[in-house]
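See structure below.
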Amino acid sequence: MRLRTILPVAGAALTLGAAALPLALSQAAPGLWEVTGVPGAKAPIRQCFADLLALAQFEHRGESCSRHVIRDASSVTTVEYNCPDGGFGRTEIGLVTPRSLRIDTQGISEGLPFHYVAQARRVGDCPSHQTASRH
């Protein structure tokens with residue numbers, strides 16, 4: 001596990017190696033998560049996450065976005081991400097408990113601004129046929 005630190009003029013950003021997780025997310029477990037508070041969703045969204053950092057780009061799930069952790073504390077992680085289609089975002093994930101996360105996200109999606117606060121709750125393990133992250 002290798003971490004690289006990039007120091008831009010405006011502040012510090014942390015680029016994570018494949019196996020590293022920010023401190024707040026390392027206290028939670030991958031699995032089946034239920035996300036509520038997403039605009040336009042009439043019911044909670046249940047999704048398997050093998051990589052919890054993918055929750056940072058929940059608005060752009062399913063896209064291959066580059067992510068950079070810009071704040072890594074024991075109870076909160078802030079991530080900025082950019083997607084190939086021009087979408088981007090900044091998300092703060094707060095650890096409420098190891099089974100509960102608060103996701104405060106904002107950015108541009110499909111050319112329009114978004115901002116919302118969602119709650120994610122781990123509800124179990126992923127079914128055995130869903131081993132990969134579906135973000």
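The values are calculated or read from the model by the stated rules, or taken from the named source; none is laboratory data. Predicted model only: the values in this text are computed from it and were never measured. Note: ideal-geometry Cβ built from the backbone for every residue, glycine included; neighbour counts use all protein chains shown. Ligands, DNA and RNA are excluded from the accessible area calculation, which covers all protein heavy atoms including side chains. Shrake-Rupley method; radii C 1.70, N 1.55, O 1.52, S 1.80 Å.
Heavy-atom accessible surface of the range 24-135, averaged per residue, reaches 50 Å², computed with a 1.4 Å probe.
Each residue of the range 60-72 was assigned a 3J(HN,Hα) from its phi angle through the Karplus expression (A = 6.51, B = -1.76, C = 1.60, θ = phi - 60°), giving 10, 4, x, 9, 8, 9, 8, 10, 9, 6, 10, 8, 9 Hz with x at Gly and Pro. Close amide H contacts of Arg71 (hydrogens built in the peptide plane, cut-off under 5 Å, sequence separation of 5 or more or a different chain): Thr78.
Whole-Hz Karplus values for the range 98-115 come out as x, 10, 9, 10, 10, 10, 10, 10, 8, x, 10, 9, 6, x, 10, x, 9, 7 Hz, taken residue by residue from phi with 6.51 cos²θ - 1.76 cosθ + 1.60 and θ = phi - 60°; glycine and proline positions read x.
Sparsely packed loop sites in the range 64-135 (the GluC sites (Glu not before Pro) outside DSSP H, G, I, E and B with at most 12 other Cβ atoms within 10 Å) comprise Glu110.
Subtracting the Cα-Cα distance of Asp125 and Arg102 from their residue separation scaled by 0.36 nm leaves 6.3 nm. Remark on Cys126: its backbone amide H falls under 5 Å from those of Leu32, a criterion applied only to residues 5 or more positions apart or on other chains, H modelled at 1.01 Å from N.
Put a dot 7 Å past the Cα of Leu112, heading toward its Cβ, do the same for Glu34, and the two dots end up 2.8 nm apart.
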